[in-house]
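Working notes, structure below.
Coordinate-derived values only; no laboratory data. None of the values given here were measured: they were computed from a predicted structure. A quick note on method: Cβ atoms are made from the backbone with ideal geometry, for glycine too, and the neighbour counts reach across all protein chains shown.
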Amino acid sequence: MSVEQLVTENKFGLAPGMVTEVMTLENRLIYVGKVSKVGGGAVYIRETNDDELPMVLVNKELKIRFFREEDNVVLRGKVCGSTMRMWKVDRLESTFFKEQRAFFRQSISVDLGAQCGRRATWGGPVGMLYPCQVLDISGGGVFISCHQEYRVGNRMLITNIPLVAEEPSFSFNCFVRRAGLWKQGVNRYGCQFEGLSPKEQDRLLRAIFTVQRMEIRKRKAR
């Protein structure tokens with residue numbers, strides 16, 4: 001067995017049957033897959049339901065999240081071969097092995113009703129809650145619209161965000177980073193999360209990927 005193969009199979013702990021999320025370098029989900037083979041310094045990934053995969057160029061760079069038994073690992077690699085149902089990826093690097101924060105940039109556009117209210121201080125009492133609309137959400141913040149006026153630097157609670165039906169709704173402490181009037185008296189705010197625990201960050205990222213998977217299935221059905 002070559003040194004390269006040993007590194008791929010042992011250092012990263014990759015094995016057939018592992019579930020993966022195959023993404024662009026910008027963290028956009030391409031497909032959810034499953035490892036069919038590991039060997040020769042490469043990993044072979046098929047779509048979870050063995051559906052056809054999109055066309056891909058040789059040497060295209062990817063991020064791949066491999067779900068192991070107790071955790072997950074993010075690797076960077078390049079496509080070295082493909083068929084209609086399988087991508088072969090080699091030159092795997094642990095660039096993102098420890099830096100899971102890269103996924104906080106992962107975002108989705110949504111249209112969800114929620115509630116928001118001003119806080120006097122971080123974690124302090126919340127004022128009256130008003131309806132708002134969640135337009136975009138990522139691992140690091142949320143973009144909302146509402147009729148109430150807030151200013152850059154204001155601290156807020158944004159709550160009752162129903163991202164995934166089977167999951168409890170999300171609530172976030174955040175502060176306003178961007179503010180602007182949109183139209184017809186509706187304001188838009190870009191808000192950054194404050195004090196989000198690692199456990200809640202992971203739950204949010206899982207929900208974002210779940211929404212993306214549902215969107216991929218919808219596009220396939222059209």
Give the range of the longest stretch in the chain that excludes all GluC sites (Glu not before Pro) found in loop regions by DSSP and having at most 16 other beta-carbon atoms within 10 Å. 100-148
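In debye, nearest 20, what is the charge dipole magnitude of the range 103-216 about its Cα centre with +1 on Lys and Arg Cβ and -1 on Asp and Glu Cβ, if you could check? Each step should come with its number before you reach the end.
Details: 13 positive and 9 negative charges, 82 e Å.
Its charge dipole is roughly 400 debye.
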Within 10 Å of each residue's Cβ, count the other Cβ atoms and sort 130, 189 from fewest upward. 130, 189
Pick out, from 209, 117, 43, the residue whose Cα sits farthest towards the positive end of the charge dipole of the chain, with +1 on the Cβ of Lys and Arg and -1 on the Cβ of Asp and Glu. 117
What does the convex hull of the Cα atoms of the range 170-222 come to per residue, in Å³, rounded to a whole number? 117 Å³
Return the single residue from 133, 212, 184 with maximal mean-square fluctuation; model: Gaussian network over the chain, springs between Cα atoms under 10 Å. 184
How high is the relative contact order of the range 103-216? Use alpha-carbon pairs under 8 Å, at least six apart in sequence, and give a whole percent. 25 percent
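Quick check: residue separation of residue 164 and residue 177 times 0.36 nm, minus the Cα distance between them. What number comes out in nm?
Numbers: separation 13, 0.36 × 13 = 4.68 nm, distance 2.58 nm.
Working it through step by step, the gained length comes to 2.1 nm.
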Taking neighbour counts of Cβ atoms within 10 Å as a proxy for exposure, in what order, fewest first, do 53, 112 appear? 112, 53
